[in-house]
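The values are calculated or read from the model by the stated rules, or taken from the named source; none is laboratory data. Note that this is a predicted model, so its numbers are computed, not measured. A quick note on method: Cβ atoms are made from the backbone with ideal geometry, for glycine too, and the neighbour counts reach across all protein chains shown. For the accessible areas, the whole protein counts, side chains as well, though only heavy atoms, and no ligand, DNA or RNA atoms are used. Shrake-Rupley method; radii C 1.70, N 1.55, O 1.52, S 1.80 Å.
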Amino acid sequence: MAIREGVFSVIISCFKRHGAVSISTPVFELKETLLGKYGEDQKLIYDLADQGGELLSLRYDLTVPFARYVAMNKIKTIKRYHIDRVYRRDQPRMTLGRYREFYQCDFDIAGEYDPMIPDAECVRIVYEILSQLDLGSFIIKVNHRNVLDGMFEACGVPPEKFRSICSSVDKLDKTEWEEVKKEMVEGKGLEEAVADKIGEYVKLSGHFELLEKLMSDMGLTAVASARAGLEDMKLLLHYCELFGVLDKVSFDLSLARGLDYYTGVIYEAILTGDATMKDGEVPAVGSVAGGGRYDGLVGMFDPKGQHVPCVGVSIGIERVFSILESRAKEAGGKGIRTVETQVMVASGQKNLLEQRMKVCTLLWNAGIKTEMLYKRNPKLLNQFQYSEREGVPLLVIVGEEETVKGGVKIRDTHTREEDFVEMAALVPELNKRLAECQHSERV
């Protein structure tokens, strides 16, 4: 939990830095709200038992509930973040960071804006979070649903098979092309020649040079939706360059994202292999963030079909935890504080419990994070060892001699140096030393 709180702090700070407000939605939704939004993954939705009322399901993600919230409250513009648990009836795989209950950290921008500006900011947000978490090198893959659909049309895929073939392409990050092709041909009835044409496209990735190549592809640009998608991608890459993130972005035609509600730009962040442990093992965590544009989703929940364009990104936080927790285990837990105690109030003599309690009260009233051991006469060594084990930087030692003099001793846990301080000066002196400790940690 100490690791998780640190990660959440980084993510929330980033979301707030970009001007987002926080909202919360229920853990369950009407079943009809969730159906028809997740493609072939719809089978992973958890249904609640029918108790004679509405048919309810546990939320599969935070995006569909957000769209329902926007529609119900007739919101025209909002920039929001939401961090909460979601549920999927999947096969758990701990090494992949895949669970049935897990956290998602979502950032979404709803409203009518000029093309690709909010989309590029979402890419920037992923870049900031992954850079600050120091997970190793990463790449943010980007693509466009119109480019994908145009590619399918140019290759000869029947329109009614677009979504089904898109779900197959979405598996290319985990499955070899030959397996995906076999599923398309044998499982979904696609002609082998059409599948081979798709195979030529999905091998392509790059930046502006790929854009130029695709824009000169007569078969692809003959499709109006593909031309529009390529113009969007040109603008997106330009804005990513201005936001200083283009070196981490790859226009990748194998990126599909199988969710039915995406209508424009899609993205996915992948760790590229140097988030290693001490023994050289690379945690197999797959993608760590994904998202895209979904302009039609809010209208599905509005009686008048209100059109509110949206774009957003979700950080796959459990996969991030898998990496950081593995690192912590390799390091033996060193450097991770599970408590935030700043001062341990200690004594080495008998019958000083009341004095310790009074000192604790003084420090708590001053807002200093303070602890003492719950024994009348604890051994001084035990108190020293606890402070060293938990990383408590300072001790206030209450003693008979110091009490007579009207003060206490302050002990530095790291240097083990002790100094006498009068009670009237205790709080200011502790605050001064704690500020110095924080400064040295940052340095």
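For the residues V169, V185, the requirement of being within 22 Å of Y294 (Cα to Cα), assigned to a helix (DSSP H, G or I) and in contact with a helix residue (DSSP H, G or I) (Cβ under 7 Å, 6 or more places away or on another chain) singles out V169.
For H439, the stated conditions do not hold, so it cannot be described as surrounded by 11 or more Cβ atoms within 10 Å (Cβ to Cβ) and at pLDDT below 95. Screening the candidates L214, L210 for the property of being within 14 Å of C155 (Cα to Cα), open to solvent by less than 60 Å² (accessible area, probe 1.4 Å), at pLDDT 90 or above and within 36 Å of the chain's Cα centre (by Cα) yields one hit, L214.
Condition check ((1) assigned to a helix (DSSP H, G or I); (2) among the aliphatic types (A, V, I, L, M); (3) surrounded by 18 or more Cβ atoms within 10 Å (Cβ to Cβ)) across all residues:
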site	(1), (2), (3)
I83	no, yes, yes
C105	no, no, yes
I125	yes, yes, yes
L130	yes, yes, yes
G136	no, no, no
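Residue under question is N351, and the condition is that it be open to solvent by 40 Å² or more (accessible area, probe 1.4 Å) and either at pLDDT 95 or above or of a type in the set (A, V, I, L, M, F, W, C) (or both); does it hold? Judged against the criteria, N351 is not a match. Being open to solvent by 30 Å² or more (accessible area, probe 1.4 Å), touching a residue at least 24 places away in the same chain (Cβ under 8 Å) and outside any strand (DSSP E or B) holds for only one residue in N382, N431, and it is N431.
Considering only the range 291-305, how many residues are buried (at least 22 other Cβ atoms within 10 Å of the Cβ) and charged (D, E, K, R)? Adding up the residues that qualify gives 1.
In this structure, T77 does not satisfy being of a type in the set (V, I, T) and modelled with pLDDT under 95. In this structure, is T263 of a type in the set (S, T, N, Q), open to solvent by 40 Å² or more (accessible area, probe 1.4 Å) and at pLDDT below 90? No; evaluated as a whole, the condition is false for this residue. Taken together, the residues in the range 354-379 that are touching a residue at least 24 places away in the same chain (Cβ under 8 Å), open to solvent by 40 Å² or more (accessible area, probe 1.4 Å) and under 23 Å from A425 (Cα atoms) amount to 5. For the range 35-47, a residue qualifies if it is modelled with pLDDT of 85 or more and touching a Phe, Trp or Tyr at 6+ places or on another chain (Cβ under 6 Å), and the qualifying residues are I45, Y46. Screening the candidates V308, V285 for the property of being assigned to a loop (DSSP other than H, G, I, E, B), modelled with pLDDT of 90 or more and either open to solvent by less than 40 Å² (accessible area, probe 1.4 Å) or touching a Gly at 6+ places or on another chain (Cβ under 6 Å) (or both) yields one hit, V308.
List pairs: first in the range 150-174 and at pLDDT 90 or above, second open to solvent by 60 Å² or more (accessible area, probe 1.4 Å) and in a helix (DSSP H, G or I), Cβ under 6 Å, 6+ apart or cross-chain? Qualifying pairs under 6 Å: C155/K197. Here S13 meets the list (1) within 15 Å of the chain's Cα centre (by Cα); (2) within 25 Å of H307 (Cβ to Cβ); (3) at pLDDT 95 or above almost entirely, failing just condition (2). For the criterion of being without any contact (Cβ under 8 Å) to a residue 40 or more places away in the chain, open to solvent by 50 Å² or more (accessible area, probe 1.4 Å) and assigned to a loop (DSSP other than H, G, I, E, B), R389 fails. Residues that are under 18 Å from F15 (Cβ atoms) and either open to solvent by 90 Å² or more (accessible area, probe 1.4 Å) or among the charged types (D, E, K, R) (or both) within the range 85-103 comprise just one, R85.
Residues considered: T403, T338. Of these, the only one that is of a type in the set (V, I, T), under 28 Å from I3 (Cα atoms) and surrounded by fewer than 18 Cβ atoms within 10 Å (Cβ to Cβ) is T338. Before we move on, is Y113 at pLDDT 95 or above and assigned to a loop (DSSP other than H, G, I, E, B)? Yes. In the range 188-205, the condition of being touching a strand residue (DSSP E or B) at 6+ places or on another chain (Cβ under 7 Å), surrounded by 17 or more Cβ atoms within 10 Å (Cβ to Cβ) and under 29 Å from Y127 (Cα atoms) is met by no residue. Among the residues of the range 395-421, those identified as farther than 15 Å from R433 by Cβ, acidic (D, E) and free of Cβ contacts under 8 Å to residues at least 40 places away in the same chain are E401, E402. For the range 71-81, the tally of residues that are open to solvent by less than 40 Å² (accessible area, probe 1.4 Å) and either hydroxyl-bearing (S, T, Y) or farther than 15 Å from S22 by Cβ (or both) stands at 2. Only one entry in R88, R100, R145, R124 is of a type in the set (D, E, K, R) and either at pLDDT below 90 or touching a helix residue (DSSP H, G or I) at 6+ places or on another chain (Cβ under 6 Å) (or both), namely R88.
I'm trying to understand the selection: among the residues of the range 223-237, which are surrounded by fewer than 18 Cβ atoms within 10 Å (Cβ to Cβ) and either over 15 Å from V249 (Cα atoms) or modelled with pLDDT under 95 (or both)? Across the range 223-237, the qualifying residues are A224, S225, R227, A228, E231.
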